[in-house]
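**Student:** Please read through the structure below; I'll follow up with questions.
The values are calculated or read from the model by the stated rules, or taken from the named source; none is laboratory data. The structure presented is a predicted model; accordingly, all values stated were derived computationally and were not measured. A quick note on method: Cβ atoms are made from the backbone with ideal geometry, for glycine too, and the neighbour counts reach across all protein chains shown. For accessibility, only protein heavy atoms count, side chains too; no ligands or nucleic acids. Shrake-Rupley method; radii C 1.70, N 1.55, O 1.52, S 1.80 Å.
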Amino acid sequence: MPLCFLHAGTTPLNITLNGQITDAKTHIPLSGAAVLIPDLKLLVVTDSVGKFKIRNLPAGNFLLEIKFEGYKTETRSIILKLAEERLNIALLPTVAEINEVVVTGTSKATQIKQNPVPVISISNDYLITNINTNAIDAIAKVPGVHAVTTGPNVSKPFIRGLGYNRILTLYDGIRQEGQQWGDEHGIEVDQFAVNRVEVIKGPASLSYGSDALAGVVNLIPTQPAPEGKMIGEIVTNYQTNNKMFGGSGMLSATYNGLEWLGRISHKEATNYQNKVDGRVFGTSFNETDANASIGIHRKWGYAHLDFVLFDDLQEIPDGSRDSATWKFTRQITEADTVRQIVSDADLNSYKMEPLHQHVQHYRIFSANNFILNDGSRLLVNLGFQRSIRREFSHPEIPYQDIAGLFLQLNSFNYDIKYSLKDINGWSITTGINGMYQQNTVTNGTEFVIPSYHQFDIGPFVTAKKAYGKLDIAGGLRFDSRSFQNDQLYTKPNPVSGFDMPVYGADTIGANNPFSKYSHIFSGISGSIGATYNFSEKLSMKANLSRGFRAPNIAEISANGVHPGTGFYQIGNDNFKPEFSLQEDIGMVYSTKFAVIELNLFNNFIQNYIYNQKLLGVNGADSVMAGSGVQQTFKFQASRANLYGGEISIDLHPLKNIHFENSLSAVYAVNKGIAGGPSVADSEKYLPFIPPVHGISELRFDFDAKQWHIKHGFVKVQMEYYANQNRVYAAYGTETRTPGYTLFNAGVGGSLVNKKAKTICSIYLMENNIFNTVYWDHLSRLKYFYGNYLNPSATDNPKEHGIYNMGRNISLKITFPFNSSLKK
């Protein structure tokens, strides 16, 4: 995909912005401060005397962000007119930070405190000073954010009790497409490449269309080097619990507006462990990732081209154990009438089991921002993704020959926005975005969904304006999804005996798991909100938004056994789109010594789709004839009401001491079908709702010049999860989860030379210090019952599913590289 260029009429001025960044109290120049224009993706750092220069700037109105550790981030709205502009800025020392600038869900970069939509920014410092095993696990402790997991390397984001296709995951602003409906695979993103994360908590359908009904997670990768710099890093990480070792290398340079970046990463692990289950068979993984980008910045704007590769080998757990020894067993025959006990050597091995999944994801996308003559802007983002998922489920066949589930998803994304020049203070953006998808399933032997294709289109308009201390924003959008799935006939292959697609005359007498189906799903979404800044210390915000989501392929058409989940899934082609109406209200109070933030929400969803276990006439689990599995699930629809909120209190009694506390809660009620029968007690709560969750962290920051340590820290952390008794108990769909408390700790910092240049950064952290045995309520392994031969033996606590990870110690070492390029 080539870089795009656009010239419109008279060329805008070639503007240079000069300035100096100093300490507001001492007036000492600040060397190494970051000066950023987010809308142009331009970054420079100040020199040894605090000066900076940005060349090749277009005329217009832009948000400028200046960041320096230990100082309050300064944001300025600047108007560039003259060929030479100058701006000197003095930063105030602070230990509290609430001035983050975000780009997710907005047409232009915006301060969080001015945005009525509830959005949070998760810094790189947070990501590197907490243990994580994948990109989503890294943010799962943030208030209001959780993850549904299937072991350490399979995590999907949940926001305020909603996930899967209700959460849209972006990678650098481009939507991620890779069979989000599935339980047993994670988000296809290199965790080492993620530099920071922005999360919208609530409907973002206005900006992104279907699948953003509950929120957005924007994983923002490392950006190219500042102008005139070459940067790089080598990261190494070892974790003791599953003996995971990983590493990543990155190099980037920018000179005279031309930039490039490259990164390659790898990580692998054996099975994780806890003190009850021992090592959990089927949770090993082996992942290799790479990405590269090139770009150009000129007075007309910028153009970027990015390439991303993700390749993950992931084992598939099933929880089966030997009834006599309680050791894990593996499937060794297709009939699965006898199992082999897994040896200790195999449990500790990095070698992939024949039964595993192979997930490959390839992405190429172009992001372009053109500054037009009148000060307006045209953003054109185009992308192509190819997701290949194979689940090898035939133990007697060499795994490279025949895959059980074989899904190939091609997605073409487009996003075009036109931002008008401000009109009487109004910032107005209109645009259109969507995608075309084609999913092929016919190369495997097991078919849980049919092949399908769909086309999404959504025009929209947004507007915002500041009236003194009052900021208002809103917009409208119309979405249309044209969806069609293919008819499928299957017969056993005469050689292998496995099912295979058949066509034409061969369909006579064949099985027909999927019939042809087509439908157009459409709906209107919108948002209106306001923020009032009473002072620099206090601001309040409120927002009302309507979200839209079309049913996904599994909810509509599923009809088969999903190898990675171990149950039979049935869809429903009568579903209507989901529509949500959410009210948000929030408050932020900030002083030199404390930051207090409160966010409350109420969300009502029509046609809420959820998964329910089916029972047979005898009251036992329903078993589909010939399926070979023990459980059957079918999607249902109802009305739903979710409400709750988050509160965080960050105290800074002294400059070096941080005492950060947060508490989040979500309550979710099944309201039933309008005009239908009353909801039974066992069905009155929605499934997969996280419990009340609290975190307290005490951290001490320090510099020790005599030991050549900079940015050092020592911290202790307590995580609290309450009992979750509000479960969808009907038909045994969901079970209660007892509460628990985990304790974590960490120490780290950077070793510097005599010139204060970083040699390396070292982080030693420990999660679950006391090796507590627990289930996360959103862990799918909680339902992997240990003894299939005796599923009614509930007197044995081990037979209630697999526990989460035990004690885990992580050692991470980063070697940075930074140099100036000769002029």
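**Student:** May I ask you to order 582-590, 74-82 by the average number of other C-beta atoms within 10 Å around their residues, highest value first? Please list the in-between numbers first.
**Tutor:** Details: 582-590: 20.0, 74-82: 14.4.
The peptides rank, most packed first, as 582-590, 74-82.
**Student:** Can you give me the long-range amide H partners of residue 614? Hydrogens built in the peptide plane at 1.01 Å from N, cutoff under 5 Å, separation of 5 or more residues or another chain.
**Tutor:** Under 5 Å from the amide H of residue 614: 622, 632, 633, 634.
**Student:** In what sequence, highest mean first, do 273-286, 659-672 appear when ranked by Cβ atoms within 10 angstrom? Walk me through the numbers before you get to the answer.
**Tutor:** Numbers: 273-286: 21.4, 659-672: 18.6.
Highest mean packing first, the order is 273-286, 659-672.
**Student:** Run the helix sum for the chain: -39,500 (n - 2.57) per DSSP H stretch of 4+ residues, divided by residue count, reported at 222 nm to the nearest 500 deg cm²/dmol. Mind dumping the intermediate values first?
**Tutor:** Values: 4 runs with 18 residues, N = 823.
Calculated at 222 nm, the ellipticity per residue is -500 deg cm²/dmol.
**Student:** Quick one: give the max-minus-min coordinate of the C-alpha atoms of the range 439-573 along each principal axis, largest first, in Å.
**Tutor:** Computed over the range 439-573, the largest-to-smallest principal extents equal 76, 29, 21 Å.
**Student:** Quick one: what are the phi-derived ³J(HN,Hα) couplings along the range 639-650, Karplus 6.51/-1.76/1.60 with θ = phi - 60°, whole Hz, x for glycine and proline?
**Tutor:** 9, 9, 10, 10, 8, x, x, 9, 9, 10, 10, 10
**Student:** With only Lys, Arg, Asp and Glu charged, each at its Cβ (+1 for the first two, -1 for the last two), find how big the charge dipole of the chain is about the Cα centre; round to the nearest 20 debye. Mind showing how you got there, number by number?
**Tutor:** Values: 74 positive and 73 negative charges, 521 e Å.
Roughly 2500 debye for the chain.
**Student:** Could you work out the relative contact order of the chain, using alpha carbon pairs under 8 angstrom and six or more residues apart, expressed as a whole percent?
**Tutor:** Dividing the mean separation by the residue count of the chain yields 10 percent.
**Student:** Please compute the net charge surrounding residue 661, taking Lys and Arg as +1 and Asp and Glu as -1 over other residues with Cβ under 9 Å from its Cβ. Present the calculation step by step, with values, prior to reporting the outcome.
**Tutor:** Details: positive: none; negative: 650, 660, 697.
After counting each charged neighbour, the total is -3.
**Student:** When Lys and Arg each count +1 and Asp and Glu each count -1, what net charge do the other residues less than 9 Å away from residue 571, Cβ to Cβ, add up to? Write out the running numbers ahead of the final one.
**Tutor:** Details: positive: 634; negative: 555, 573.
Within the 9 Å Cβ shell, the charges total -1.
**Student:** Over the chain, with every protein chain in place, what whole percent of the accessible area is carbon and sulfur at 1.4 Å, could you tell me? Intermediate values should be presented prior to the final figure.
**Tutor:** Values: 19580 of 33370 Å².
The nonpolar share, carbon plus sulfur, comes to 59 percent.
**Student:** Which of the peptides 494-506, 61-73, 412-424 is most tightly packed, and how do the rest follow, going by the mean number of other Cβ atoms within 10 Å of each residue?
**Tutor:** On the way: 494-506: 12.8, 61-73: 18.8, 412-424: 16.2.
For the peptides 494-506, 61-73, 412-424, the packing ranking is 61-73, 412-424, 494-506.
**Student:** I've got another one for you. Which whole-Hz ³J(HN,Hα) couplings does the range 379-384 yield from phi under the Karplus relation 6.51 cos²θ - 1.76 cosθ + 1.60, θ = phi - 60°, glycine and proline marked x?
**Tutor:** In residue order, the calculated couplings are 9, 10, 10, 10, x, 10 Hz.
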